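I have placed the structure first, in the form of structure tokens, so that the comments after it can refer back to it.
The values are calculated or read from the model by the stated rules, or taken from the named source; none is laboratory data. Remember, predicted model here, so these are calculated numbers, not experimental data. In this analysis, Cβ positions are derived from the backbone assuming ideal geometry, glycine residues included, and neighbour counts consider all displayed protein chains.
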Amino acid sequence: MAVAHGPVGRDAIVTSFVATTVCAPRTALPKAKPIEALRAEPPIDTTSFAILRRRAVLEGCKWDPQVGDVATLSPFPLVMKSSVWDMLAAQAEKLAAEAIAAEEEIAQRPDLLSVLGLPRALLRLLAEPMPLSPSAGRVMRFDFHNTTEGWRISEVNSDVPGGFTEASFFTSLVAEHFPDLRTAGCPADMWARTLAEAAGRYGIVALLSASGYMEDHQVIAFLATKLRENGRQAFLTKPEQITWRDGVAHLNTSWYRGPLDVIVRFYQGEWLSRLPEICGWRNLYRGGRTQIANPGLAVVSESKRFPLVWEELSTPLPAWRALLPETRAPRSAPWAHDEGWLLKTALCNTGDTVCIRELVTPREWFRACLAVRLRPGNWVAQKRFESAPVLTPVGPRHVCVGVYTVNGRSAGAYTRLSPRPIIDFAAVDVALLLEDDD
């Protein structure tokens, strides 16, 4: 999950440090003041929004519209100029192309794989010489933030990116109330069409997720609906229900027994590596013949330690170098005494391990410092940037615009709001709509 890197002061929304580049001069990018880059529309009336929210839950599989006492669906949208969106979409496509090229190069370099902070079982598997399992419908989400230095990214969600229900169904419902505005696209529709084409005319698709994680289950349930709308058979499943024969995946359930054409892997790589090998999870990475979305190699760019191997690559990464804040191994960064740096684990999820000193308790900071010193290879230090808040009907909010790509093409956005400069699991989902430039 994204993190807008900047501290909270007593008399200001944000006071922070400006991010610098990694290993190269920063490419000049369009700078935008908050009021120019994004603005908020007035909220939808209470009655209409209650109906909208109910439809999102019942029709759009948005089963977690509230976290604790906080409603996580915004009644007002954010509006972006078409030219700004076109710029972000183009940047996301460049980032995706560079990431895939870098992943393929790193896959041939076990010495570089070992830098990424991956679980040992996964690291050993990726280092094997067996062919990579085929990919279908590669999807990524790049988390953009508007800063005082222009647009920057905090990370890419390339292993198991979520947010499809909110970015697609919820956003389309909000757009119905603003006829002069339009959505930036429907990522769920684009991904489903791509998967349906890969599966063939009578294709069978299994959607794999971990039991007990409702936020993951709602994504694959929604995607299954989209696949069925495209004339495909889609089955929700778990690893124990898939068997492998000569590299071909078969579903073994009471509702379907037979070969699969595509597996949608909505099951994080580090979680898979903890399963017993009898589940056949290794075939999702190497040696399998069934198409996988996302491919196992996606964990390479998912790792927050990905920038630490850039200098060893022949693959040029100009977009990444321009847009991602400087990232270093903890031992080579002054994070312990310089508050311009934050800490996060290599496989940070939903902002759960992001540690900014003034935003955590002394006990939490001590525990993070101890973890970094005991296992520095599992962490990174990253420069912080000054997130530019947007004025909304509920006050200034920090914004993360997650731009999707499907097979390298931009597909829409998952946008979130937070009163703090950390975008985590408690952030509010907000529809992003576009307007024509004046």
**OP:** For the range 58-69, indicate whether the set of residues that are within 19 Å of Trp281 (Cβ to Cβ) and either in contact with a Cys (Cβ under 8 Å, 6 or more places away or on another chain) or part of a helix (DSSP H, G or I) (or both) is non-empty.
**Re:** no
Subject >> Unique match (being surrounded by 15 or more Cβ atoms within 10 Å (Cβ to Cβ) and within 21 Å of Cys348 (Cα to Cα)) among Ala96, Ala101 >> reply: Ala96
**OP:** Mind listing just one residue for me: the one in the range 340-361 that is within 20 Å of the chain's Cα centre (by Cα) and of a type in the set (Gly, Ala, Ser) and, of those, nearest to Pro330 (Cα to Cα)?
**Re:** Ala346
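Across the range 410-426, what is the total count of residues that are at pLDDT 90 or above and within 14 Å of the chain's Cα centre (by Cα)? Walk me through it before giving the result.
Applying the first criterion (at pLDDT 90 or above) to the range 410-426 yields 410-419.
Next, from what is left, pick out any that are within 14 Å of the chain's Cα centre (by Cα): 410-416.
Adding up the residues that qualify gives 7.
Consider Leu123 carefully, then state whether it is of a type outside the set (Gly, Ala, Ser) and without any contact (Cβ under 8 Å) to a residue 24 or more places away in the chain.
Numbers: of a type outside the set (Gly, Ala, Ser): yes; without any contact (Cβ under 8 Å) to a residue 24 or more places away in the chain: yes.
In short, yes.
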Original post:
Looking at the range 253-264, is at least one residue surrounded by 22 or more Cβ atoms within 10 Å (Cβ to Cβ) and basic (Lys, Arg)?
Top reply: no
Original post:
Does Gln268 qualify as being without any contact (Cβ under 8 Å) to a residue 40 or more places away in the chain, surrounded by fewer than 22 Cβ atoms within 10 Å (Cβ to Cβ) and either within 30 Å of Leu324 (Cβ to Cβ) or over 20 Å from the mean Cα position of the chain (by Cα) (or both)?
Top reply: no
Subject >> Only one of Ile44, Ile51 that is at pLDDT 50 or above and in contact with a His (Cβ under 6 Å, 6 or more places away or on another chain) >> reply: Ile44
Original post:
Taking the range 197-218 as the region of interest, how many residues are surrounded by 23 or more Cβ atoms within 10 Å (Cβ to Cβ) and of a type in the set (A, V, I, L, M, F, W, C)?
Top reply: 5
**OP:** Inspect the range 404-415 for any residue being surrounded by 21 or more Cβ atoms within 10 Å (Cβ to Cβ) and more than 30 Å from Val174 (Cα to Cα) and give the result as yes or no.
**Re:** no
Original post:
Which of the residues belonging to the range 214-250 are basic (Lys, Arg), in contact (Cβ under 8 Å) with a residue 24 or more places away in the chain and over 22 Å from Arg201 (Cβ atoms)?
Top reply: Lys238
**OP:** Hey, can you tell me all the residues within the range 149-185 that are farther than 29 Å from Leu324 by Cα, in a loop (DSSP other than H, G, I, E, B) and in contact (Cβ under 8 Å) with a residue 12 or more places away in the chain?
**Re:** His177, Phe178, Asp180, Leu181
Original post:
If you go through the range 396-407 one residue at a time, do you hit one that is outside any loop (DSSP other than H, G, I, E, B), modelled with pLDDT of 95 or more and among the aromatic types (Phe, Trp, Tyr)?
Top reply: yes
**OP:** Could you list all residues from the range 186-203 that are of a type in the set (Asp, Glu) and either within 23 Å of the chain's Cα centre (by Cα) or assigned to a loop (DSSP other than H, G, I, E, B) (or both)?
**Re:** Asp189
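Mind checking whether some residue in the range 354-365 is under 20 Å from Phe144 (Cα atoms), in a loop (DSSP other than H, G, I, E, B) and not charged (D, E, K, R)? Full working, then the answer.
Here is the first cut: in the range 354-365, the residues under 20 Å from Phe144 (Cα atoms) are 354-356.
So of that shortlist, the ones also in a loop (DSSP other than H, G, I, E, B) come out as 354, 356.
Next, from what is left, pick out any that are not charged (D, E, K, R): 354, 356.
Looking for residues that are under 20 Å from Phe144 (Cα atoms), in a loop (DSSP other than H, G, I, E, B) and not charged (D, E, K, R), one finds at least one in the range 354-365, hence yes.
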Subject >> Pairs, first buried (at least 22 other Cβ atoms within 10 Å of the Cβ) in the range 290-313, second of a type in the set (Asp, Glu) and modelled with pLDDT of 95 or more, C-beta under 6 Å, six or more apart >> reply: Leu297/Glu103; Ala298/Asp159; Val299/Asp159; Val300/Glu103; Ser301/Glu103; Glu302/Asp159
**OP:** Identify the residue in the range 223-252 that is basic (Lys, Arg) and crowded, with 21+ Cβ neighbours inside 10 Å and, among all such residues, is nearest to the chain's Cα centre (by Cα).
**Re:** Lys226
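Give the number of residues within the range 344-374 that are touching a helix residue (DSSP H, G or I) at 6+ places or on another chain (Cβ under 6 Å) and under 25 Å from Gly162 (Cβ atoms).
Step one: of the range 344-374, the residues touching a helix residue (DSSP H, G or I) at 6+ places or on another chain (Cβ under 6 Å) are 345-347, 355, 357, 365, 372.
Imposing the further condition that a residue be under 25 Å from Gly162 (Cβ atoms) reduces the set to 345-347, 355.
The qualifying residues number 4.
Which members of the range 69-86 meet the condition of being surrounded by fewer than 17 Cβ atoms within 10 Å (Cβ to Cβ) and among the small types (Gly, Ala, Ser)? Please lay out each step first, then the result.
Taking the range 69-86 first, the residues surrounded by fewer than 17 Cβ atoms within 10 Å (Cβ to Cβ) are 69-71, 82-83, 86.
Matches in the range 69-86: Ala71, Ser82, Ser83.
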Subject >> Single condition Phe385 does not satisfy, out of (1) touching a Leu at 6+ places or on another chain (Cβ under 7 Å); (2) hydrophobic (A, V, I, L, M, F, W, C); (3) over 18 Å from Arg39 (Cα atoms); (4) in contact (Cβ under 8 Å) with a residue 60 or more places away in the chain >> reply: (1)
**OP:** Output yes when any residue across the range 221-241 is within 26 Å of Ala107 (Cβ to Cβ), modelled with pLDDT of 95 or more and touching a strand residue (DSSP E or B) at 6+ places or on another chain (Cβ under 8 Å), and no when none is.
**Re:** no
**OP:** Can you work out which of the residues in the range 154-168 that are closer than 19 Å to Ile263 by Cβ and of a type in the set (Gly, Ala, Ser) is surrounded by the fewest Cβ atoms within 10 Å (Cβ to Cβ)?
**Re:** Gly162
